[in-house]
1. Applying the Karplus parametrisation 6.51 cos²θ - 1.76 cosθ + 1.60 with θ = phi - 60° to the phi angles of the range 269-284, what ³J(HN,Hα) value in whole Hz is obtained for each residue in order, glycine and proline being reported as x?
2. Largest first, what is the accessible-area ranking of ASP263, ASP85 with a 1.4 Å probe?
3. Quick one: Cα convex hull volume of the range 48-283, Å³ per residue?
4. Could you give the nm distance between label points at LYS271 and THR237, where each point is 7 Å from its Cα heading toward the beta carbon?
5. Stretch SER60-LEU204 to full length: gain in nm at 0.36 nm per residue minus the Cα-Cα span?
6. Can you list residues whose amide H is under 5 Å from PHE64's amide H, if they're 5+ apart or on another chain and H is modeled 1.01 Å from N?
7. Mind ranking ILE161, ILE87 by accessible surface for me, highest first, 1.4 Å probe?
8. Which whole-number percent is the relative contact order of the range 48-283 (Cα, under 8 Å, 6+ apart)?
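The values are calculated or read from the model by the stated rules, or taken from the named source; none is laboratory data. What you are looking at is a predicted structure, and each value in this text was computed from that prediction instead of being measured. Every residue, glycine as well, gets a Cβ built from its backbone with ideal geometry; the counts of neighbours run over all protein chains shown. SASA here: full protein model, heavy atoms, side chains in, ligands and nucleic acids out. Shrake-Rupley method; radii C 1.70, N 1.55, O 1.52, S 1.80 Å.
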Amino acid sequence: MKLTKMLAVMAIFSVMSTGAEETTAASATAATTTTSTSSIKKLYNKVKESPFSMAYLNDSFSSFNIDGVKTYHYLYAHYGLTSTDKISLVPTFTTDLISRNKVTRERANNTRLHSTQLRYTKSSILNEKDHGVSLYAQVRYYHYSKSNQESGSDGYGRAIISASKGFGKFRLSLTSDNVVYNRNANKASMTHFNMLGVGTSYSLTDSFSVSTATNWYKYNYNNTDSFKEFALLGLYTEYSFGNGLSVGPYFEAEMLTAQDGRDGFTEEWVKNGSVGATLYYSWF
């Protein structure tokens, strides 16, 4: 064989060997990636099937004329003890773009820890199939961050009981909410409040619903006769995308007030109300 032919054969063999090595390396990389993705998916499904779950809620709102925005960020970590019992840890952060500096009148982007909640939820105490109505209860304790404790309270306890009944796509609910503050100072501040609310909701489709709520609050200060009462009217919408994500624009306003012997409709209660939107996402 001539030298030129020998060199050509060697060159072809070299190219074929290099191509085979590259193909083998690419196949190994693809196999590793597939295995890694499969492992992550298996881990995700395993956690999803466990009693543990996590979610995020963003609640942003402003005055009716959209003058600045305040946002609450809720990080939910739930653990199901049974099919009807659940405990939750909920650290909450706030982003304040409403408050202005008294001197510069500027709004500082201030995000900080607001509180940490510990919750226990008992669902299906009653159910519509056996009892005609649904009933659930929840107790919470909110522990304030250091900055919020300056208001005179370390936090507060909260007990909620809610009953509801469905009539096809329409649902009627009645809720009681009672709060007692854990005070740390003698400064004037709230000691407790009580709320009684009536709500209605209507499912337009499987993904979209509208609801209203009228809640009557009574705030007490320093365990004295000083108090404030008001009725909060809320109009809410919610659209679910079916992948754990839902959004809900809403409107809230104090419609009626009662304080120091005076009561009646709030002046310009629509203009003095607030508008907002929630964004909720469940990871698993």
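1. Along the range 269-284, the couplings run 5, 5, 5, 8, x, 9, 10, x, 7, 10, 10, 10, 9, 9, 6, 6 Hz.
2. Putting ASP263, ASP85 in descending order of accessible area: ASP263, ASP85.
3. Given the Cα convex hull of the range 48-283, per-residue volume reads 165 Å³.
4. Once both label points are built, they end up 2.5 nm from each other.
5. Working it through step by step, the gained length comes to 49.4 nm.
6. The answer is GLY273, VAL275.
7. ILE161, ILE87
8. 15 percent
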